[in-house]
Amino acid sequence: MKRRKIHTDDSEKNRKRHSKIIDIRPLSQKICKDDESKNESKEDNQIKKRYSKYKQTLKSNFVENGFSKLDSYKTEVLALGEGDVGQLGLGEDVLSATYPKTIKDLIFKDDKIVKIFAGGMHSICLSNNKKLYSFGCNDDGALGRFCENDELEKVPREIEFEYNIDIINITTGDSHSSALTNNGKVYTWGVFRDENGILGLISNKVERKPVLIDTEPVESIVEISSGNNHMLLLTNHGIVLSLGSSEQGQLGRIPARSCTKEQRRGIELFLEALPVSFPLFKGKTPFIKKVFGTSYGSFAIENLTNKIYSWGLNNYKQIGYKSKRNDLIEYFPVVVNWDIAHEIKQITGGPHHTLILDFKGYVYSMGRKEYGRLGLGELNSDIDTPTPILLFKDNPCREISCGECVSYAITESGESYSWGTFSTSQLGNGDTDEDSLIPKRMKGKQLENKNVISLSAGGQHTLLLAYSTL
């Protein structure tokens with residue numbers, strides 16, 4: 001589906017601060033040189049402390065990506081919403097589901113699903129035995145497997161890799177999917193699109209089987225996150241790489257005049273994983289510990305200070321930046337100052353709104369007011385700064401997710417809540433003909449006596465991962 005192209009003026013004067021070349025040498029190499037010096041400066045010592053602290057962060061990230069928490073449970077994947085191209089995984093005869101329904105083909109005797117991701121019109125699930133299963137639309141190769149007919153697209157089937165790999169995380173966009181391995185490699189398949197159609201993936205074509213992303217000379221990738229048509233890669237040295245479409249500034253490294261594929265440098269400018277152009281502080285690049293891709297935006301959190309950077313489409317202030325220039329797009333990272341007392345755990349967003357979850361379990365929303373997607377009740381104007389959703393103040397959450405015009409949160413007790421538009425049948429709360437302006441608990445017979453572990457919203461469908469409490 002084509003998106004409306006946003007046109008903005010490219011101000012060269014406002015981009016001079018990003019013109020310096022970024023040094024992407026591994027930070028450990030820089031530190032080794034510092035160690036040889038007898039008279040180290042305070043700044044050098046701070047860099048080494050930051051690097052040491054970040055190694056601990058990486059270790060906890062890998063533990064989080066592990067599956068020890070689910071060892072004692074038998075999980076189920078449930079789906080709801082629109083499924084006309086098989087993205088529900090419920091078979092060719094089920095075109096929609098207004099309540100969550102269990103995907104029986106994902107219940108195994110000696111294995112279980114531990115991670116779920118809903119893309120634009122496809123779904124990817126990761127099992128405890130590190131197998132990937134895909135279903136949904138395969139027109140652009142998003143399933144990562146060849147299908148002899150449409151029926152094989154609509155049921156979960158395993159993605160085969162050329163080599164045995166240990167997958168720890170996955171991510172999905174509109175028409176692409178990616179997998180992160182335990183040794184820091186990233187495999188991807190499908191395609192990125194822009195306003196003019198197919199952009200490519202790692203070359204100017206569709207990749208129907210997993211291919212390796214070249215991240216040289218970076219040592220390894222520790223985190224991946226996707227928007228609709230772009231992807232962020234976080235290295236083990238706190239460097240953020242990006243690739244994909246840049247029409248809405250979501251790559252964070254290309255000025256407005258060069259954001260279409262007609263620019264003279266060629267398509268490689270978009271499809272190579274290259275460093276995001278963060279503003280330099282004392283000649284150094286910020287050391288990033290977390291990245292989050294939203295539909296047309298990107299966010300990053302600095303390790304030492306927890307400073308938050310955002311860039312991308314901002315026509316409804318969905319990246320939370322109040323520009324004095326009133327730009328509709330921020331092509332390079334900008335620092336946002338949010339009134340959030342606790343450290344941020346997760347950021348997720350649709351095309352025009354964003355949700356934030358902090359480590360206290362509080363949920364905030366901002367962006368476009370229509371259809372109740374913000375969960376703040378009746379509003380007279382859009383919201384340009386993270387605003388707490390009061391329901392979750394005394395009912396802390398552990399995970400959030402956004403679709404196009406819908407939003408979700410899972411509480412610490414395993415209850416799932418939804419709000420936003422009813423038109424895609426994704427709310428699952430019984431109100432099938434009206435929008436939900438505030439969060440309502442999701443219902444359904446197959447959701448009874450189940451604790452929801454995770455939830456992922458796609459373009460018109462939603463997946464839930466749960467286990468029985470009986």
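The values are calculated or read from the model by the stated rules, or taken from the named source; none is laboratory data. Bear in mind the structure is a predicted one, so any value in this text is a computation, not a measurement. Don't worry about glycine lacking a Cβ; one is built from the backbone with ideal geometry, like all the others, and counts go over all protein chains shown.
Evaluate the following for I301: is it among the β-branched types (V, I, T), closer than 28 Å to W189 by Cα, touching a Phe, Trp or Tyr at 6+ places or on another chain (Cβ under 9 Å) and part of a loop (DSSP other than H, G, I, E, B)? No; evaluated as a whole, the condition is false for this residue. Residues in segment 447-470: is at least one free of Cβ contacts under 8 Å to residues at least 12 places away in the same chain and either of a type in the set (D, E) or closer than 29 Å to D327 by Cα (or both)? Yes, the conditions are met somewhere in segment 447-470. Any idea which residue in segment 176-199 is farthest from H122 (Cα to Cα), counting only those that are modelled with pLDDT under 95 and touching a helix residue (DSSP H, G or I) at 6+ places or on another chain (Cβ under 9 Å)? Top of the filtered list is N182. Any residue in segment 403-410 that is of a type in the set (D, E), under 17 Å from the mean Cα position of the chain (by Cα) and closer than 22 Å to D84 by Cβ? Yes - at least one qualifying residue is present in segment 403-410. The test for being touching a Pro at 6+ places or on another chain (Cβ under 8 Å), surrounded by fewer than 21 Cβ atoms within 10 Å (Cβ to Cβ) and more than 23 Å from C259 (Cα to Cα) holds for E162. Scanning segment 342-378 for residues that are among the acidic types (D, E) and touching a residue at least 24 places away in the same chain (Cβ under 8 Å) gives E343, E370, E378. Listed by first and then second residue, the pairs linking a residue in segment 260-283 that is under 17 Å from E195 (Cα atoms) to a residue that is at pLDDT below 90 and buried (at least 17 other Cβ atoms within 10 Å of the Cβ), with Cβ atoms under 6 Å apart and 6 or more places separating them unless they lie on different chains, are I267/K261. Considering the conditions (1) at pLDDT 95 or above; (2) touching a Ser or Thr at 6+ places or on another chain (Cβ under 7 Å); (3) over 17 Å from G458 (Cα atoms), G173 is excluded by exactly one of them, (3).
Do we have I319 as part of a loop (DSSP other than H, G, I, E, B) and touching a strand residue (DSSP E or B) at 6+ places or on another chain (Cβ under 8 Å) here? Judged against the criteria, I319 is a match.
Across segment 442-469, the qualifying residues are those that are part of a loop (DSSP other than H, G, I, E, B) and over 16 Å from the mean Cα position of the chain (by Cα), and the one among them that is surrounded by the most Cβ atoms within 10 Å (Cβ to Cβ) is M442.
Contact annotation: residue pairs with Cβ atoms under 8 Å, 6 or more positions apart or on different chains, pairing a residue in segment 210-232 that is at pLDDT below 95 with a partner that is acidic (D, E) and surrounded by fewer than 23 Cβ atoms within 10 Å (Cβ to Cβ), are D214/E272.
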